[in-house]
Amino acid sequence: MGSHNKVVVLDNGGGLLKAGIGGDHSPTAVVPNCLGRPPSSKKWLSGDQLLSSDDHTSVSLRRPLDRGYLVNPDLQKEIWDRVFHHLLLLSDDDLRRSSLLLVEPLLNLPSARRASDELVFEDFGFSSLYVADPPSLVHLHHHHQHCSLVVDCGFSFAHAAPVLEGFTLNYGVRRLDIGGKALTNHLKELVSYRSINVMDETLLIDQAKERLCFVSLDVPRDLRLSRIRGRDNPFRCTYVLPDGVNHMRGFVKDEEEVQRYLSLLPEGEQDAQRIDDEVMDDAQRREERKRSILAENEFSLTNERFLVPEMLFHPADLGMNEAGLAECIIRSVDACHPYLHPVLFESIVLSGGSTLFPRFAERLERELRPLVRDDYKVKITTQEDPILGVWRGGSLLASSPDFEAMCVTKAEYEEYGSTRCRKRFFH
């Protein structure tokens, strides 16, 4: 590969877009893959402008991807244009001399493939294209073994995907239609139903979810503890919404409250029962009520903090006709050759932003263990940065000597069309 021929690596996620140059350790740009318009603005802002903007209240969002698939190519073109020219600082000539490594969702739709090929070759004029799926790149970045099971919990959905020698086994892929977006929407509904209407506050509730939610290791016990009134509740946290005058960003009112649940004893049932049975006198109750009155731009979370991530493990509890993540993994492994079963259970790799909830890996192992044969080990590995793991795998692949030979060139695309060229990426 000539030194002038850069490879642009683009992980085009439904939530965050990660873009940079192949060979680098980290992407140059990690921005929301959307356009947003605060009420105070007449024009739509790109992801990086949204991040640097002070006004995050009632932002209207437009996303080019829906449920992980490209549905609005014109909007995607606008976002990519901003990323390539303003964030990666590449000119049109640079793009024409560059290759693109594009990360697409598993089992992508043919219409979405054609639309992204048109963007790559016809609108931006890249010299060549390679398309990869997230699990194979996570495996490449995590290359300890020949075979791994990648559990990717992203913005739009979660996948369990077996990867063998760098190739994703499509017949073993299982999908759970719950991702970060569904969790944020569920939290919006809970807060709106219980305290104040935040249905338009996607960005703020997203931040509150990332800051305050965690995975419970004992749901019945934690539900009991969360019924304790007032300050004694170990899960109670108050989140303050921006008022547009004193503070422009949402924040947690008391940082110490966030970590308080970590000090709960494993055998906290007795504590829960004891506190539940205590009877406060009337004076104490009145005092407690006064202290727990919230200002109008604040809301408190208690059991919502662990019930929101619980959706990933037990969607049926919320009336969704879906298997949980552990069952999803079991079905994925069962679809593979029996020789692979023990190896896959021993090499589960977590990827995606929704795996960042505290205690996620520990809970997943507890859910899996009873479902797996006793003579098989279950080992779950968390990446250094689950959000950037896919991009870093792409960066490694882009800097490998035989990368250029794996690509489809613009000339081939013009001669054979999208569908025939794409066959090169099917194994």
Estimated distance in nm for a label pair at Glu210 and Ser41, the labels positioned 7 Å out from Cα along Cα-to-Cβ: 1.7
Most mobile listed residue (Thr202, Thr381, Thr302) in the chain, GNM with C-alpha springs under 10 Å: Thr381
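Once you keep just the Cα pairs under 8 angstrom separated by 6 or more residues, what percentage relative contact order results for the range 28-77? Intermediate values should be presented prior to the final figure.
Details: 57 pairs, mean separation 16.6, N = 50.
About 33 percent, as a whole number.
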Cβ crowding within 10 Å averaged over residues, with 385-394, 116-125 ranked highest first: 385-394, 116-125
Selected from His142, Ser395, Phe425, residue furthest toward positive end of dipole (the chain; charges at beta carbon): Phe425
Cβ crowding within 10 Å averaged over residues, with 54-63, 176-185 ranked highest first: 176-185, 54-63
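Where the only charges are on Cβ atoms (+1 Lys, Arg; -1 Asp, Glu), what is the dipole of the chain about its Cα centre, to the nearest 20 debye? Kindly include the intermediate steps, with their values, before the conclusion.
Numbers: 51 positive and 65 negative charges, 86 e Å.
Here the chain has a charge dipole of around 420 debye.
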Antiparallel %, DSSP beta bridges [both residues in the chain], to 5: 65
Rg over Rh [alpha-carbon atoms, Kirkwood Rh] for the chain: 1.01
Using θ = phi - 60° and Karplus 6.51 cos²θ - 1.76 cosθ + 1.60, couplings along the range 247-262 (whole Hz; Gly, Pro as x): 9, 9, 10, x, 8, 7, 5, 10, 4, 5, 5, 4, 8, 4, 5, 5
Distant-in-sequence amide H partners of Ile178 (H built 1.01 Å from N, under 5 Å): Ala158
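Work out, step by step, the length gained on full extension between His25 and His85: first 0.36 nm times the residue separation, then minus their alpha carbon distance; give nm to one decimal. Spell out each step's value before the answer.
Working: separation 60, 0.36 × 60 = 21.60 nm, distance 2.07 nm.
Gain on stretching His25 to His85: 19.5 nm.
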Contour excess over end-to-end distance, with Cα ends at Asp243 and Ser58 and 0.36 nm allotted per residue: 65.4 nm
Of Lys77/Lys188; Lys43/Lys188; Lys18/Lys42; Lys43/Lys77; Lys18/Lys188; Lys181/Lys209, those spanning more than 22 Å from alpha-carbon to alpha-carbon: Lys77/Lys188; Lys43/Lys188; Lys18/Lys42; Lys18/Lys188
GNM result for the chain, Cα springs below 10 Å: residue of Ala411, Ala161, Ala326 fluctuating most strongly: Ala411
GNM flexibility winner over the chain from Leu318, Leu102, Leu16 (Cα, springs under 10 Å): Leu318
Selection from Leu129, Leu50, Ser98, by position along the positive dipole direction of the range 36-131 (Cβ): Leu50
Listed peptides 243-254, 354-365 by packing density, highest first (mean Cβ within 10 Å): 354-365, 243-254
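Values in this text are rule-based calculations from the coordinates and carry no lab data. All values derive from a computational prediction rather than experimental measurement. No Cβ is skipped: glycine too gets one built from the backbone with ideal geometry, and neighbour counts run over all protein chains shown.
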